Amino acid sequence: MRAAVLHAPGDVRVEDRPDPTIEKPTDAVIRVTAACVCGSDLWPYRGIEEVDGPAPMGHEYVGVVEEVGSDVRTLEPGQFVVGSFFASDNTCEICRAGYQSRCVNAVPVGALGTQAELARIPLADGTLVATPEVPADDLVPGLLAASDVLGTGWFAAVAAEAGPGRTVAVVGDGAVGLLGVLAARQLGAERIVVFSRHESRQQLAREFGATDVVAERGDEGVARIKDLTDGLGAHSVIEAVGTQESMMQAIRATRPGGHVGYVGVTHDVAIPGEELFFSGVHLHGGPAPVRRFLPELIDLICKREIDPGRVFDLDLPLDQAAEGYRAMDERRAIKTLLRP
Ligand SMILES: [Zn+2]
């Protein structure tokens, strides 16, 4: 099969790899209908995370079940499925509490790679959710978004307790931040402020439900949020970047008693204890338990109540994965969809 492999920073190649097979009775093998490039794929691509290459790439996927192991009970070949970036049993105590990304048996799908024609998905019964029928082609990007960026933005909005009467601020105008806007809107937030200085992203944020755009960052950005909220700060802040600056911006933009939902994978973030202590904010986040939200998100997408697939502004054949990475790295694209 053809698959994207990262050899060194900046060096993504699509090459032949062995077809995955059923290795454990709980596995499924799927034929990938669509995959995509994640903001977190850019960390190793940029050399910020060490590349232990050659490494298969990709952890977002939708596809059709090709084969299932002997212990798989809920899936059969031919079904269209959506999964998430951590395989989970969905039965342990952590999963049942809604934290499937921290399942005691979690397997990172990114280590297996889904930017490929085929993918082995461990713990298939717990991980994959089948759609009611094979979806129309134009629903595929939205369902693919559910597998990570939408699910992550949704978790961030839930963790930040976005809801009616709340002002929600969103730090980060990448795909996750933009879908955090969509989620906050669906959850009934009254006012949604997005930090962005890119016109096309501001436009999409407004279409997803943002009511205000703030171009300033850091403490200037925080001051603008205070201006908009009678000096108090937002009730709910979504952090979708993962840098020191973005995390502190999120905490400082939140009013005492408010909630920060952080989902940007942190890189060298250190929160000063005394500032955290006196902030009086709730912090909740981490790797999003996308599996918790998949049934609801699939339903909203299939009923065409939300259209998260609009975050994909570059649609390429898998063989052009290198260009897909470059375009996102150079911020020419918000998010690249890859079709095997
Ligand atoms: Zn579990």
Condition (residue is more than 24 Å from residue 90 (Cβ to Cβ), assigned to a loop (DSSP other than H, G, I, E, B) and of a type in the set (S, T, N, Q)) applied to the range 262-281: is it met by at least one residue? yes
How many of the residues making up the range 55-99 are within 16 Å of the ligand (Cβ to nearest atom) and in a strand (DSSP E or B)? 2
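For the range 17-36, enumerate the residues that are outside any loop (DSSP other than H, G, I, E, B) and surrounded by fewer than 23 Cβ atoms within 10 Å (Cβ to Cβ). Working first, answer last.
Applying the first criterion (outside any loop (DSSP other than H, G, I, E, B)) to the range 17-36 yields 28-36.
Across the range 17-36, the qualifying residues are 29, 31, 33.
Consider the range 1-16. How many of its residues are outside any strand (DSSP E or B) and either of a type in the set (Val, Ile, Thr) or under 24 Å from the mean Cα position of the chain (by Cα) (or both)? Full working, then the answer.
The first filter runs over the range 1-16 and keeps only residues outside any strand (DSSP E or B), leaving 1, 9-10.
Within this subset, residues satisfying the condition of being either of a type in the set (Val, Ile, Thr) or under 24 Å from the mean Cα position of the chain (by Cα) (or both) are 9-10.
Residues flagged as outside any strand (DSSP E or B) and either of a type in the set (Val, Ile, Thr) or under 24 Å from the mean Cα position of the chain (by Cα) (or both) within the range 1-16 amount to 2.
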Identity of the residue in the range 100-114, away from the ligand (no atom under 11 Å from the Cβ), free of Cβ contacts under 8 Å to residues at least 60 places away in the same chain and aliphatic (A, V, I, L, M), that ends up surrounded by the fewest Cβ atoms within 10 Å (Cβ to Cβ): 111
Give the range 37-91 a look and list any residue that's buried (at least 24 other Cβ atoms within 10 Å of the Cβ) and of a type in the set (A, V, I, L, M), or say none. 37, 57, 62, 68, 81, 82, 87
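Please tell me if residue 134 is touching a residue at least 40 places away in the same chain (Cβ under 8 Å), surrounded by fewer than 16 Cβ atoms within 10 Å (Cβ to Cβ) and on the phi < 0 side of the Ramachandran plot. Before you say what the answer is, go through the steps one by one.
Numbers: touching a residue at least 40 places away in the same chain (Cβ under 8 Å): yes; surrounded by fewer than 16 Cβ atoms within 10 Å (Cβ to Cβ): yes; on the phi < 0 side of the Ramachandran plot: yes.
Taking the combined requirement at face value, the residue satisfies it.
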Of all residues in the range 37-54 being outside any helix (DSSP H, G or I) and touching a Phe, Trp or Tyr at 6+ places or on another chain (Cβ under 7 Å), the one that is farthest from residue 77 (Cα to Cα): 49
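Look at residue 156 and say whether it is buried (at least 21 other Cβ atoms within 10 Å of the Cβ), among the small types (Gly, Ala, Ser), away from the ligand (no atom under 15 Å from the Cβ) and in a loop (DSSP other than H, G, I, E, B).
Values: buried (at least 21 other Cβ atoms within 10 Å of the Cβ): yes; among the small types (Gly, Ala, Ser): yes; away from the ligand (no atom under 15 Å from the Cβ): yes; in a loop (DSSP other than H, G, I, E, B): no.
Taking the combined requirement at face value, the residue does not satisfy it.
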Restricting to the range 115-141, what's the tally of residues that are over 17 Å from the mean Cα position of the chain (by Cα), away from the ligand (no atom under 16 Å from the Cβ) and within 19 Å of residue 35 (Cα to Cα)? 13
Could you check the range 50-79 and list, in sequence order, the residues that are out of contact with any strand residue (DSSP E or B) (no Cβ under 6 Å at 6 or more places or on another chain) and either within 18 Å of residue 334 (Cα to Cα) or free of Cβ contacts under 8 Å to residues at least 12 places away in the same chain (or both)? 50, 52, 59, 76
Listed by first then second residue, the pairs whose first member lies in the range 244-267 and is acidic (Asp, Glu), whose partner is surrounded by fewer than 20 Cβ atoms within 10 Å (Cβ to Cβ) and part of a helix (DSSP H, G or I), with beta carbons under 9 Å and at least 6 positions apart or on separate chains, are 245/218
Conditions (1) of a type outside the set (S, T, N, Q); (2) buried (at least 23 other Cβ atoms within 10 Å of the Cβ); (3) more than 30 Å from residue 338 (Cα to Cα) -> residue 240 fails only (3)
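Of everything in the range 183-204, what is in contact with a helix residue (DSSP H, G or I) (Cβ under 6 Å, 6 or more places away or on another chain) and touching a residue at least 40 places away in the same chain (Cβ under 8 Å)? Give them in sequence order.
184, 195, 204
All of the numbers you see were taken from the coordinates with simple rules; none came from a lab. Quick caveat, the model's predicted, so the values are computed rather than measured. Backbone-built Cβ (ideal geometry, glycine too); neighbour counts: all protein chains shown.
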